[in-house]
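Novice: Once you've had a glance at the structure underneath, I'll fire off some questions.
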Amino acid sequence: MFLALLPAMEMLTAVWRNMTFLLECVKMLSPWCWLEVFGTRKVSSSKTNAPQDAGQVKPISVNYHFTRQCNYKCGFCFHTAKTSFVLPIEEAKKGLAMLRDAGMEKINFSGGEPFLQDRGNFVGQLVEYCKKELKLPSVSIVSNGSLITERWFKNYGKHLDILAVSCDSFNEEVNKLIGRGQGKKNHVEKLMKIRQWCCDYNVAFKINSVINSYNVDEDMRDELNRINPIRWKVFQCLIIDGENSGEEALRQAEKFVITDDEFKGFLNRHKDIKCLVPESNQQMRDSYLILDEYMRFLDCRNGRKDPSKSILDVGVENAVMFSGFDEKMFFKRGGKYVWSKADLKLDW
C-alpha cells in the first residue's frame, strides 16, 4: 500500500515545486517589486542632474518684480523695461500662495515702479491679499515714491509692514543727473512726505541708496539722522549683462561704476549711522531670490539674469533649484531681520 502511494507523492512534490517557482516569478514581475528594484536608482539619477544642494533652498524671502515698467530713467538700473507684461492678478495671487506654502515668510514687491500698475491699486490688492489671506509675517514694497499718495495709505497701509523708497542723493541736482527725477517734481520733498505718511499710518520706513560715481563723495549723515529710517540699505552700483551693460541692454551703466575702495570710503564716512546696512557687489549678486514678471526665478551667477521656468508651470521647488540663490550669503548680509511691524517699535 505504501509503495503504491510513492508515485503519487512524487507527482505532488513536483507540482508543488513548480507552483512555488511560478509564484516567485509572479512576485518578481509585480509592480511593487520593480519599484523596489529601480525606484531608488531613478530618484538618485534625477538628483544627480539637479544643482548642488538645490533641495535645501527654502524661499524665506522673495522679491517679486511684477512689472518692469518705470517712470524714472536711472542710468544704473539693473531691472529695465524689457517687457510690458504683468500677470493677471489672480494668477499672481496663485503664485504667491504657492510660495507661502513652500515656506515664504516675507514678500517684497518691486519693479520697475510698482505703483504704476492701476495707479497703485494692483500692488495694493497684492499687499492686502498677502497679509490678510496668506497671513505672511512681512509684506514690503520698494518704490521710487513719485506716485504714492496718502489715499493709498488710507486704503492699504494697514496691511503693509515696510515701505522702502529709493533715494540716492539729498541734492536734487544729483538726483536729476542720475535719472531719478520727473519734470519739476522734487524727489527729496516727496520722500519727506512719504516719511510722514508712514508715521501717520504705522508703516515702517526704509531708504535704499545706490552708491555710484555721482554720489560717492556725498555726506548724507545729517539727513539720515533726521529722517531716522528703520534701515538704510546702501548698495554698490552693480553691472548686469543684458540689463545695464551690453549690446542688447536698455541702459549703459559703466560710467556709474565705482571701485570697491570708493565704496568702502563712503561706508566709512557713514559708519556711525546705526541703521546702515551695506551691500557690496559680492554680497548682493546671488543673495536675493528674484522673481520676474512671469514668476521665474532669475539666476545672476554668470553676471546676467538667466530665468528658470515659471513657478506656475513647474512649481516652486523645481523652479527655485535654478535660482542661483546663495542662502549662506543671504543670512551673512543680514537678510533675515525683524521685518514684521507687529514686532517693531514704531514710535517716531
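The values are calculated or read from the model by the stated rules, or taken from the named source; none is laboratory data. Not measured: the values here are computed from a predicted model. Neighbour counts are summed over all protein chains in view; Cβ atoms, including those assigned to glycine, are modelled from backbone coordinates with ideal geometry. These area figures cover heavy atoms from the full protein model, side chains too; ligands, DNA and RNA do not enter into them. Shrake-Rupley method; radii C 1.70, N 1.55, O 1.52, S 1.80 Å.
Novice: Could you please report the charge total around L312, scoring K, R as +1 and D, E as -1 over all other residues with beta-carbon less than 14 angstrom from its beta-carbon? Walk me through the numbers on the way to the answer.
Specialist: Values: positive: K93, K94, R296, K309; negative: E90, E91, D101, D292, E293, D313, E317.
So the environment of L312 carries a net charge of -3.
Novice: Sketch the reach of a paramagnetic label on E150 as a point 7 Å from Cα along Cα-to-Cβ, and name the residues of segment 177-197 whose backbone nitrogen lies under 16 Å away.
Specialist: Counting backbone N atoms under 16 Å from the label point, the list is 190-197.
Novice: Pairs to check: K94/K131; K190/K271; K154/K193. Give those whose C-alpha atoms are more than 18 Å from each other in this structure. All intermediate terms of the calculation are to be shown ahead of the outcome.
Specialist: Numbers: K94/K131 14 Å; K190/K271 26 Å; K154/K193 14 Å.
Pairs exceeding the cut-off: K190/K271.
Novice: How many percent of Cα pairs in segment 116-248 exceed 26 Å?
Specialist: On the way: 2505 of 8778 pairs.
Value for segment 116-248: 29 percent of Cα pairs lie more than 26 Å apart.
Novice: Calculate the all-directions average of the projected area of segment 175-234's alpha-carbon convex hull, and give it in nm².
Specialist: On the way: hull surface 18.2 nm².
Averaging across all directions leaves 4.5 nm² for the Cα convex hull.
Novice: Just grab the label-to-label distance for I89 and N302, each label 7 Å out from Cα along the Cβ direction, in nm (one decimal).
Specialist: Calculated label separation equals 3.8 nm.
Novice: Then there's this: Ratio of segment 222-348's C-alpha Rg to 2.2 N^0.38 Å, to two decimals? Numbers along the way, then the final one.
Specialist: Details: Rg = 17.2 Å, N = 127, 2.2 N^0.38 = 13.9 Å.
My calculation over the Cα atoms of segment 222-348 gives 1.24.
Novice: Below 20 Å, Cα to Cα, which aspartates and glutamates can K82 reach? Residues fewer than 8 away in the same chain don't count.
Specialist: Cα-Cα hits under 20 Å: E113, D118, D241, E243, E247, E248, E254, D292, E293, D299, D306.
Novice: Show which aspartates and glutamates lie in cross-link reach of K328 when reach means a straight Cα distance below 15 angstrom and same-chain residues fewer than eight apart are skipped.
Specialist: Within the straight-line cut-off, K328 pairs with D53, E279, D286.
Novice: Ok, one more. With every protein chain in place, what's the accessible area of R68 (1.4 Å probe, Å², nearest 10)?
Specialist: Counting only protein heavy atoms, the figure is 20 Å².
Novice: So, for segment 259-348, what is the accessible surface per residue at a probe of 1.4 Å, expressed in square angstrom?
Specialist: Numbers: 4950 Å² over 90 residues.
With the other protein chains kept in place, segment 259-348 gives 55 Å² per residue.
Novice: P(r) tail for segment 301-348, what percent of Cα pairs lie past 18 Å? Numbers along the way, then the final one.
Specialist: Working: 637 of 1128 pairs.
The calculated P(r) of segment 301-348 puts 56 percent of pairs beyond 18 Å.
Novice: How high is the FRET efficiency from K332 to D261, r the C-beta distance, R0 25 Å, rounded to 0.05? Intermediate results must be reported in sequence, preceding the final value.
Specialist: Values: r = 21 Å, r/R0 = 0.85.
Rounded to the nearest 0.05, the efficiency is 0.70.
Novice: If you don't mind, another one. Can you return the aspartates and glutamates within cross-link range of K184? Criterion is Cα-Cα under 17 Å, with same-chain partners fewer than 8 residues away left out.
Specialist: E172, E173
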